[in-house]
Structure formats: C-alpha cells, structure tokens
Amino acid sequence: MASKIAKILVGCILIFQTLTCKSAEIAEENFADRAKAGYFPKNSPQAKELLKELEPIFLKYTSFQGDFSMQIQTQPPNKQNVFLDGRIFLSQESGKIKIQLMDNFMGLMFSELIASKDRIEIKPSQSPKPISQPMGDILLVDPNSGKPILMPFPIIYQYLTGDFRKEIESPKARFHSLEKRILLERQDGQYEYFFNKDGLERIELLSELRGIRAFSSVKEKDPENLHPPKSILTKVSSLKDEKETAMVLIKMKKVKRTSIPESVFQF
C-alpha cells in the first residue's frame, strides 16, 4: 500500500520542481543526547510526580484551524528547498486532522490528507479516490533524484494533536523525572517525549525496523504559550550511515481556535 501512495505522491511532488530554491536553508538542529540512567517505572513515586506535573499541559490542546507555510529541505547530493502553503483543521474531540497542501504561487490545492489515530487517507487532486493506509510513514519523492524520503507521520500527528497522553501513561513507559523525559518502546520503534515547564518540547523516534531516527520539536513558541507552536521542525536521518535525509519546517501563519465540524473531515 505504501508503494501505491508513493506513486501517487510522485505526481504531487513533481509540482515542487517549479517551487524549489537554493537559499533560505533551515537552520540545523541536532538530536538530543541519550540519558544514560535515571529512568523509573510508571508505578514509582518519581513517575507519578512527573505525570502530575504534566497534567496542566493537556489543557492547552484545543481544536483549531489555521494556515501554514511548509519548507522541505532535502540533503546532498541533490540538496533542494521546497516551499508550500497549506491549511490545517484539527478536532480535539475526535482526534482527526485534515491537511490541505497548495502551491504558494497560484494557491491551487493539489493534495489533501485526513488522519486519525489509526489511519491516514491521502487524496491528490488528480485522483478520483483517496488512498488509505494504517497510521505510519509517508513516502515523499525528491523531484531531482527520484529518491524516496520516508516521513514518519506518527510523530508529526502526535505533536499537532497532543494525542500522546495514553502513550506516556502506558505501563511500558519509563520516566526520567529530572530531565522530564518519558521513554516508550513500541512495536515500530523507541519513542521519547521531552517536556519543559511550558509543555511538550520534542518527540524523538529511533526505529531499527524502519532504519530511521527522527524528531519533531518546537522551533518557535506561540507568544501566549498556546498550542500549536508558531513553528515545528521535523528531521529525519538514516540509521545506516547516520546521514540526514530531510528536514521539514512548518510555520503557522494564522490560527483560529474553534470547534471543527465532522463534515470538514471528508474529501
């Protein structure tokens, strides 16, 4: 199924060729250092104290709609910067998110994505029917090299929706109370959630199965410390050679915090 989606996305990504630029590169950001010790199980006093401290964070997650710009930076030997515009709709009640991508010259929409906790549907404008897959990675294609770029959508989804509370309260989670980090082993890889006094700061993924290491993190906070942040950076690297494959920077341009009707989540 992923290959079918990749083939359809090729047509969308080819549009990017007219939107690429060699300047305005995304500032580099590194992965966090691994904590060597200090993790406690969920039933420990340290874990309970950290979870209690994090409770107010979840009150910040509300339904919203907004406009954003997106920059996709692929790495050498075919380094390119791609610029897009888009709209986003998030229902906190249902956990559904809808993303519409448009070129930033004509404003024409060429792809839509609707996702829930367990599923992703993608519909390019030239396709009569959406393609559906379980929640997971999305394949983008470098328009110059034709090389596929694996984008770990689950960490982007969790960051935007805040749908990670059940994850971090799992009995499998391990808690580092001093650094406010929560480590969780899942079937598809190791996820680590980093918090500060204002909320979720970063999600990191290490997946031997998929051969990638990735993170999504706050690049710029909202001035009023609300969700979503002003900008979110996602970086993907290969475990094979530890080389960075892509960075994606999403900048929110306008956000309206409001309830989103279920009818929005249709193609």
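Tabulated data
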item	result
Projected label distance in nm at Gln266 and Glu28, using a 7 Å step from Cα toward the beta-carbon	4.9 nm
Convex hull volume per residue in cubic angstrom - Cα atoms of the stretch 169-267	173 Å³
Net length gained if the chain between Ser44 and Glu93 were fully extended (0.36 nm per residue, minus Cα distance)	14.6 nm
Accessible area of the stretch 119-267 belonging to carbon and sulfur atoms, whole % at 1.4 Å probe	51 percent
Point-to-point label distance, Gln126-Ala35, nm (Cα→Cβ direction, 7 Å offset)	4.9 nm
Cross-link pairs beyond the 27 Å C-alpha cut-off, checked among Lys42/Lys256; Lys96/Lys240; Lys123/Lys254; Lys98/Lys251	Lys42/Lys256; Lys96/Lys240
Too-long pairs where the Cα-Cα distance tops 25 Å, listed order kept, from Lys60/Lys219; Lys36/Lys117; Lys172/Lys219	Lys36/Lys117; Lys172/Lys219
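The values are calculated or read from the model by the stated rules, or taken from the named source; none is laboratory data. The structure presented is a predicted model; accordingly, all values stated were derived computationally and were not measured. No Cβ is skipped: glycine too gets one built from the backbone with ideal geometry, and neighbour counts run over all protein chains shown. Note: accessible area is taken over every heavy atom of the protein model, side chains too, but ligands, DNA and RNA are not part of it. Shrake-Rupley method; radii C 1.70, N 1.55, O 1.52, S 1.80 Å.
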